[in-house]
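Just below is one structure, and these are the notes that go with it.
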Amino acid sequence: MTASYTVKDIQVLKGLEAVRKRPGMYIGNTGLEGLHQLVWEIVDNCVDEALNGHCNLIEVTMLPEGGISVKDNGRGIPTERHPATGKNTVETIFCNLHAGGKFDDDVYKVAGGLHGVGASVVNALSESMIVVIERDGYRYTQEFARGKPKGGLKKDGETQDTGTTVVFRPDSIVFGQTTFSSELVRDRLRTKAFLIAGLCIRFRDELRSLDETFCFPAGIQDFLEHALRDRQALDTQPIYVRHENEIRLEVAMTWTGDTSTRILSFVNSIPTPGGGTHDTAFRNGVHRALKAYLEKRNGLPKGVKGISGEDVREGLVAIVSVFLHGNLEFQGQTKDRLNSSAAGQVEPILRNALENWLHQNPVQAGVVTNRILLAAQARLAARTAREEVSRKSATRRLTLPGKLADCSLSSRDATELFIVEGDSAGGSSKQARDRRFQAVLPIRGKILNVEQASGDKLKNNREIQSLVQSMGTGMGHGFDYSRLRYGKVIINTDADVDGHHISTLLLTFFYRHLPELVRRGHIFLALPPLYRISVGAGKKMKIHYVFSDAEKEKLLQSRSGKDVDIQRFKGLGEMDAATLKATTMDPTTRTILKVGVHDEYQTDDLVDTLMGKDVRKRFIFIKEHAQEIQNLDV
Ligand code: TSJ
């Protein structure tokens, strides 16, 4: 063993040790997001191979024992001795931190994952990893454990295929939770397939017997259709822009009658929910092009002084995908915001393309500009109405719904509104609350239920209107965040299928119509227990509140004797006030979940899952995400 060999070896070990010591530095966090980042990192290597034109199929399989397999039909990672390390190239890539920079001869560049850390970080954070390469007529394999090779690269037989397969199992010492979410993985893969036309991605979840292949010949035009969902597009063809030069830019966009805006932006096929330079450039490009066209053509209607960016974007649904070369800088806590001046070219390109479209399609341009002028007029009308209201506000009296049992404090931050289902739950909640800072609004779940069909109908529903009145914010154009009357709005429904359904409808409503309340963290779910289990007798009796059947079984397995008493709660209305208080209302003992938006685009899909007919799927969502959402009060 030569001296230099030892030094290199130590460097390698130190590198991977650093990753294991501070995983957050490399993958953001060790929660559910960091865990999935491992998958994205590996998949992005395959995507790169596809973008370079060497691969058209990626297969991702979630394995029953908790591992995941990622396979492509590319050229296969080179296997020969690497000059910089003296080791084979596979080991070099999987065991050297930042192999991208250090061995930067373009050939072994690390793919543009969110953090660009690549294979060695995933390897370091996996309790086991197997790499299989098919190349030059042979199959090669090498195995690793927590980043360290278990033997060398082995020639394993002959094959005519080519490609790379990586199977890994995240390390349970590093991650709080090591189970991948089928939904998250599936959605991410589908998005990749949308963004790279011609790339097929097969997703399998062996535990749930899921097997789907995503393949979209029309790429982001298919994506746009998908993103529209239940929204009704205006009577125009979608606009499609593709530009390939120094940068590659692809945009598909259309307007809907809906007031919400939905712009999904991506860089090198990686979602940038935090926006960034490309996203801003897109927004500005659309604004400038339409403003110029409107002002040149029709002139503006009476009263409308200018067209704002918001007017132009009202109802807009767009997919913005750019591909940039070089090292990209991402900003923000979650590194989901692009900061790159290369994106500066997006604006003129888009502006040009849009102006051309408008001039070449005057009829469709008319439909779009009418929509925009309407938005501008609505904005003005809403402002006038708001000014009117604030002028009157000295004498203004809030009209609160009769069913609301309000609290006595008026401080926003300190107060809470409980939304409960039905009069009987309303009655017990009123008994259990602290009336100083807790308000209770009973709503009739049955009525909500019927309205499931359309989001707009939901908005006009009587129960929803009394909810909005209670909260004080108004909605749509009249929405005013500063008038929110409670710091926490807590949905507390029964722990049964109907209860889940109702909380689902309410969440959908908040997400679609009052997204700012969700984004700013005002919406919560209470977790009422399913069972009360008392164990033991007399002074030794202990009471457990249990939230699922599985939890109940677990508890019962560890106990014996027949001094076990189980009470199943059929609904909140059945609980006595003390139990209700302890489990869902008293801030010192209750469990509530804050509803968060991780990635708005993905949340849209999840809302679909929730809204779907498949109750089992809904439960999966709620269970999975319960762990992901911060536990605020425990
Ligand atoms: F991330 C990773 F390294 F773990 C990984 C890489 C995982 C998986 C599943 C696939 C890949 C990967 C790498 N797929 N395809 C490639 N391609 C190359 O590394 C490659 C192959 C051939 C040549 C060449 O010049 O012949 C160059 C490269 C970069």
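The values are calculated or read from the model by the stated rules, or taken from the named source; none is laboratory data. Every value quoted in this text rests on a predicted model; they were computed, and no experiment measured them. Quick reminder, even Gly has a Cβ in these numbers, built from the backbone with ideal geometry, and neighbours come from all protein chains shown.
What are the residues in region 488-503 that are hydrophobic (A, V, I, L, M, F, W, C) and assigned to a strand (DSSP E or B), if any? Those that are hydrophobic (A, V, I, L, M, F, W, C) and assigned to a strand (DSSP E or B): Val489, Ile490, Ile491. Within region 28-59, can you find the residues that are away from the ligand (no atom under 14 Å from the Cβ) and hydrophobic (A, V, I, L, M, F, W, C)? Within region 28-59, Leu32, Leu35 meet the criteria. Here Gly15 meets the list (1) away from the ligand (no atom under 14 Å from the Cβ); (2) crowded, with 17+ Cβ neighbours inside 10 Å; (3) at pLDDT 95 or above almost entirely, failing just condition (3).
Which members of region 504-552 meet the condition of being more than 18 Å from the chain's Cα centre (by Cα), in a helix (DSSP H, G or I) and aliphatic (A, V, I, L, M)? Within region 504-552, Leu505, Leu506, Ala550 meet the criteria.
Just to be sure I understand, how many residues within region 66-89 are part of a strand (DSSP E or B) and near the ligand (Cβ under 10 Å from one of its atoms)?
4
Kindly provide the set of residues from region 564-593 that are out of contact with any strand residue (DSSP E or B) (no Cβ under 7 Å at 6 or more places or on another chain) and surrounded by fewer than 17 Cβ atoms within 10 Å (Cβ to Cβ), ordered by number. Scanning region 564-593 gives Lys570, Glu574, Asp576, Ala577, Ala578, Asp586, Thr588, Thr589.
From the list Thr179, Thr162, the one residue that fits, being more than 27 Å from Asn29 (Cα to Cα), out of contact with any Ser or Thr (no Cβ under 6 Å at 6 or more places or on another chain) and surrounded by fewer than 20 Cβ atoms within 10 Å (Cβ to Cβ), is Thr162.
Residues that are more than 20 Å from Thr179 (Cβ to Cβ) and surrounded by fewer than 17 Cβ atoms within 10 Å (Cβ to Cβ) within region 202-216 comprise Thr213, Cys215, listed in sequence order.
The residues of region 563-594 that are closer than 12 Å to Pro529 by Cα, touching a residue at least 60 places away in the same chain (Cβ under 8 Å) and small (Gly, Ala, Ser) amount to a single one, Gly571. Report, by residue number, each residue of region 153-178 that is within 16 Å of the ligand (Cβ to nearest atom) and of a type in the set (Ser, Thr, Tyr). Listed by number, the residues that qualify are Thr159, Thr162, Thr164, Thr165. Region 368-487 holds helices (runs of 4 or more DSSP H) entirely within its bounds, and those carrying 1 or more residues that are in contact with a strand residue (DSSP E or B) (Cβ under 7 Å, 6 or more places away or on another chain) and modelled with pLDDT of 90 or more map to 422-432, 462-471. Does region 340-361 contain at least one residue that is touching an Asp or Glu at 6+ places or on another chain (Cβ under 7 Å), surrounded by 17 or more Cβ atoms within 10 Å (Cβ to Cβ) and hydroxyl-bearing (Ser, Thr, Tyr)? Among the residues of region 340-361, at least one is touching an Asp or Glu at 6+ places or on another chain (Cβ under 7 Å), surrounded by 17 or more Cβ atoms within 10 Å (Cβ to Cβ) and hydroxyl-bearing (Ser, Thr, Tyr), which makes the answer yes. Cβ contacts < 7 Å: first residue more than 17 Å from Lys150 (Cα to Cα) and in contact (Cβ under 8 Å) with a residue 12 or more places away in the chain, restricted to region 64-93; second residue more than 13 Å from the ligand (Cβ to nearest atom) and among the aliphatic types (A, V, I, L, M), any location; separation 6+ or different chain. Result? From region 64-93, the pairs are Pro64/Leu207; Ile68/Met62; Ser69/Leu63.
Of all residues in region 26-56, those satisfying the criterion of being part of a loop (DSSP other than H, G, I, E, B) and small (Gly, Ala, Ser) are Gly28, Gly31, Gly53.
On the given criteria, is Arg242 in contact (Cβ under 8 Å) with a residue 24 or more places away in the chain and farther than 23 Å from Glu516 by Cβ? So Arg242 fails the test. Among residues of region 29-52 that are within 15 Å of Asn123 (Cα to Cα), those with a Cβ under 6 angstrom from a residue that is in a helix (DSSP H, G or I) and near the ligand (Cβ under 8 Å from one of its atoms), sequence gap 6+ or separate chain, pair up as Leu38/Val122; Glu41/Val122; Ile42/Val122.
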